[in-house]
Amino acid sequence: MKAASLAASAAAVAVLVGCGGGSATPLTTGSPLPTGGGEGSTAISVTPSPTPTHHRLTSREAARRHPGVCDPSLWRAIYHPSRLHVVASCKTVTGTVESVRYEPDGDVHVLLKLPANRSGLLNGGNLSNTDGDLVTEIICVGTITQADAESACARHVNQVAVPSVGERVRISGTYVLDADHGWMEIHPVSSLSVLAAAAPPPPAPAAPAGCHPLSNEGTCYEPGEFCRASDQGVTGVAGDGEAIICENNNGLRWEPA
């Protein structure tokens, strides 16, 4: 029985050693096993493999760690790509849209106010030139008036929606240093989703009692402000209580009566 067990072990070792035709990776068992008996036999020393420290991600964990999907093919539509120094091939950020600006190269700059715990994504260029916002760029959206950018966008059709100021959004794309401007960017943006709509604007302050007529927005006029054609010759009371009249003074304006 013992001889048969050793023979079976030797056969298993021989199969494993022979796989791939060449030297084999050390096996992971306990004590050295003989490949045969008698003179000239070779002992194979095996060492335990270290316990792996990683584990397979569940779908929920994967979604949490990598919520965005980045499209490397978008780089074909970037002009002079060498100006963008890649720091991370895919990064997802959330923040509030502070500004949306259409550029001559056809890209749209979406300036994103990040939460305080993501301020490490900014550098001195962002702090001094973009009011501390992270620049994100949706490529090939608007009319291109910059000659050297035309060919790059010629065959690209943008699929990313442009957000509105005030919206809270999640953006995924390549995290780069824009060497021409010296700030950090997400460029190009691969995906953008709106997480929350912009907050409504605050209501206009109530007009003081007694002022008239009121503007179209329901506020009081002040001397020097333009007045409507329908108010020409009309007298009224400004917000500070001063009497005013709408008359022609380099255009129709409310003037002290």
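Each reported figure results from applying straightforward, stated rules to the coordinates on display, with no laboratory input. For clarity, every value in this text was computed on a predicted model and none was experimentally measured. Cβ atoms come from the backbone with ideal geometry, glycine included; neighbour counts cover every protein chain shown.
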### Query
What order do you get for 102-111, 181-190, 89-98 when each peptide is scored by the mean count of other beta carbon atoms within 10 Å, highest first?
181-190, 102-111, 89-98
### Query
What nm distance separates the two modelled labels at A198 and A257, each placed 7 Å from Cα along Cα→Cβ?
3.8 nm
### Query
Any idea how far apart N123 and H181 come out in nm if each label point goes 7 Å out from Cα toward Cβ?
1.3 nm
### Summary
The extension gain from N249 to H212, computed as 0.36 nm times the residue separation minus the Cα-Cα distance, is 11.3 nm
### Query
In nm, to one decimal, how far is the modelled label at S99 from the one at E222, with both set 7 Å along Cα→Cβ?
2.6 nm
### Task
Note down the net charge around S193, summing +1 for each Lys or Arg and -1 for each Asp or Glu among other residues with Cβ under 13 Å from its Cβ.
+1
### Task
Report, in debye and to the nearest 20, how large the dipole of region 65-196 comes out about its Cα centre when Lys and Arg carry +1 and Asp and Glu carry -1 on their Cβ.
540 debye
